[in-house]
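FYI, it's all coordinate maths here, none of it is from the lab. Keep in mind that this is a model prediction, so the values were computed, not measured. Note that each Cβ is placed from the backbone with ideal geometry, even for glycine, and that neighbours are counted across all protein chains shown.
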Amino acid sequence: MSKFELKLPQMGESVAEATLTTWLKEVGDTIELDEAVFEIATDKVDSEVPSEVEGVLLEKRFNVDDVIKVGEVVAVIQMEGDAPEALSNGADSTDEIEDIEEPVAILEGQIVQVAESVSSTGHDFSSSERFYSPLVKNIAKEEGVSMEELESIIGTGKEGRVTKNDIKAFLKNRSTKGNPSVTKAPSKDETVQVPVKTETTKAVPETSKASPVPVTDGDEVIPLTRMGKLIAQHMVDSISTSAHVQSFIEVDVTNVVNWRNKVKKEFEQREGEKLTFTPIFMEAVAVAIKKYPLINISLDGDNVIKKKNINLGMAAALPDGNLIVPVIKNADQLNLVGMAKTVNDLANRARNNQLKPDEIKDGTYTVTNVGSFGSVFGTPIINQPQVGILALGAIRKMPSVIETDQGEYIGIRSKMFLSHSYDHRVVNGALGGMFVKTVADYLESWDVNREI
């Protein structure tokens, strides 16, 4: 009998494992070519895994919430045209798989061996009915977290699972209470946060755990999705890490609007792509970063990491209301046609949940279009570990004073606001202001006769 082993595919150079979140097919179900069989989740994106063959699902090797390594067999498919073997009354074959004694987890980019049996504290993590990922178990083992402590941590992951951020927050809170078992010098990869006193910002106080919200008759309780929880935690972490300040500037984009209206039909006929404003703004940002490369940095403890590549993230709204930030790699090396094609491709695949993990990592600066929802301007939160983010406001027709050689007069112009949030720990007001002014100048000087 011909069988096909459906393995967890390589989802990017930085991804070594994923969590099985949903089985879309049951044992005995017919599977078409390229039909999704199961869904998986990484720390960044959720993805469907399609079948490479047609046939019948014969075996399911993993259960929901299991952590699977890239290359492991997840399902076995009886190839179409062969008589299906006995399906053992529909039961899957998970029980036949031998337990892996030393699963491999990824911790801060390094591969480490995780003892599955008993931690250094003498507690057997496998005895718990609660699911813990190999990464969480390894952190617990290294930090001397007892089984009782691990069980007490409130998880923000799927179905209450404890995530890396959850256990790190627990360790941080435990260390502040003077627990000698966890006091240690920071490693070279850990960020040491030093309070910075400025005239325009205040240190963010450590807040206590939020009180439960009362629920009354008629209230609807909507659990956060897995991605929603990740976004929420990411936003809170950013506010507590960076000293956020903003610079705002109004931009006359009449030339840009007129030029796009003139060329967009020809552009679409020639390139098969729509020409939106986004690639134009991305080009302007890339030019400004080339002029002010100290916007393209990250802070690692007492060291500033100046990034070689200009990788622009663009915040994209998903159908469920969440946001994701696909990254345009080496944006400064793209011409406007290449930028438009890349922007459209990433935006379309983001909406269809088809992005690969590598396509949302390694961003060095982010742009978000709050104007697409009608907002005039906004105060966006920095996408860590970056130090800046630019919000694009809505383009509006407004009366404006126009200066000419013959004098001044009132005319109708297309204008918008740019809102630049930046980390005042490393980006001062002068740099933050000059950067966004450069973006504005580039847009205002747009050549209406530019060839596409």
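Points worth noting:
- For the pair residue 372 and residue 22 in one chain, pulling the backbone fully straight at 0.36 nm per residue adds 122.7 nm over the alpha carbon distance.
- Length added when fully stretched, residue 348-residue 320, from 0.36 nm per residue minus Cα-Cα: 8.6 nm
- Sites residue 333 and residue 402, calculated FRET efficiency, Cβ-Cβ separation with R0 25 Å, nearest 0.05: 0.10
- Note on residue 261/residue 451: beta-carbon distance plugged into 1/(1 + (r/R0)^6) with R0 of 22 Å gives a FRET efficiency of 0.90.
- Summary of packing: across the peptides 282-291, 390-399, the per-residue average of other C-beta atoms within 10 Å ranks them, highest first, as 282-291, 390-399.
- Gyration tensor (alpha-carbon) shape descriptor, region 227-444, a/c threshold 1.5: oblate
- Between residue 35 and residue 444, the distance separating the two model label sites (each 7 Å from Cα on the Cα→Cβ line) works out to 5.9 nm.
- Qualifying trypsin sites (Lys or Arg not before Pro) in region 238-278, where qualification requires a DSSP coil assignment and no more than 12 other C-beta atoms within 10 Å, comprise 274.
- Label sites at residue 48 and residue 268, each approximated as a point 7 angstrom past Cα along Cα to Cβ, lie 2.7 nm apart.
- Violating pairs (Cα-Cα greater than 28 angstrom) within the set 265/308; 308/356; 168/361: 265/308
- Extension gain, residue 232 back to residue 73 (0.36 nm per residue minus Cα-Cα distance, nm): 53.9 nm
- Inter-centroid distance (Cα atoms) of region 427-443 relative to region 369-395, Å: 15
- Put in line by how crowded their Cβ is, counting other Cβ atoms within 10 Å and starting with the fewest, 22, 404, 254, 364 read 404, 22, 254, 364.
- Label-point separation in nm, residue 142 to residue 304, each point 7 Å along Cα→Cβ: 2.9
- Residue order, fewest to most surrounding Cβ atoms within 10 angstrom, among 416, 434: 434, 416
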